[in-house]
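Asker: Can you read through this structure? Questions will come right after.
A short reminder: the numbers here are calculations on the coordinates, not readings from a lab. Keep in mind the model is a prediction, meaning the values are calculated, not measured. No Cβ is skipped: glycine too gets one built from the backbone with ideal geometry, and neighbour counts run over all protein chains shown.
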């Protein structure tokens, strides 16, 4: 299901089925996203979707999900992306991105309030662009958690206008940042209850 809210558009759907109908031929200028980390979280969100919406659960293999995730970014954006992911999957995430033609421009670290659960902030961009992780960016991240992390990433890497895509938009924090910075938002989320929170942030 596609919903338009002004210049924004969101889809309630499974990423594994693609987002061609959401993008309608558009190419996103920037991607910011925090997809489920690892097999356990994929299962958790499938279970949550069933609980929230009554949808039938289905098993999704983590390796297949990560491949489809980066295929989606490569196919529907200018390959400028910031991706949050747990540190323990660092090598897997970088290799999957490279397999789909993205250039890795560095990884910053955020503890997201917990030294036990360090979070990688991966930056991807074509080599010809002056976009990469810098000491200034890492310094600005230090001590932040939640939406302020997204805000700092937008300040450093988002364009001044255009379209931002989040293929796993959840409760809409990327949408919130898109509105703040005057960008048009495109988001996909499997859980209709969570997507309604994104829509609320766009209205």
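Asker: Expressed as a fraction of 2.2 N^0.38 Å, the rule-of-thumb size for a compact globular protein of N residues, what is the C-alpha radius of gyration of region 115-203?
Answerer: Ratio of Cα Rg to 2.2 N^0.38 Å: 1.15.
Asker: For a quick protection proxy, order the peptides 147-155, 79-87 by their average other-Cβ count within 10 Å, most packed first.
Answerer: So the peptides 147-155, 79-87, ranked by packing, come out 79-87, 147-155.
Asker: Once label points are set 7 Å from the Cα along Cα→Cβ at both residue 43 and residue 95, what is their separation, rounded to one decimal in nm?
Answerer: 2.2
Asker: Still on this model: Equivalent ellipsoid semi-axes for region 2-202, as square roots of 5 times the alpha carbon gyration tensor eigenvalues: give them largest first, rounded to whole Å.
Answerer: Rounded to whole Å, the semi-axes are 23, 20, 17.
Asker: Separate question: Just order 118-124, 183-189 by mean Cβ neighbour count inside 10 Å, highest at the front, would you?
Answerer: Per-residue mean Cβ counts within 10 Å order the peptides as 183-189, 118-124.
Asker: Next question, about the same structure. Please state the relative contact order of the chain as a whole percent: Cα pairs under 8 Å, 6+ residues apart?
Answerer: Computed over the chain, the figure is 28 percent.
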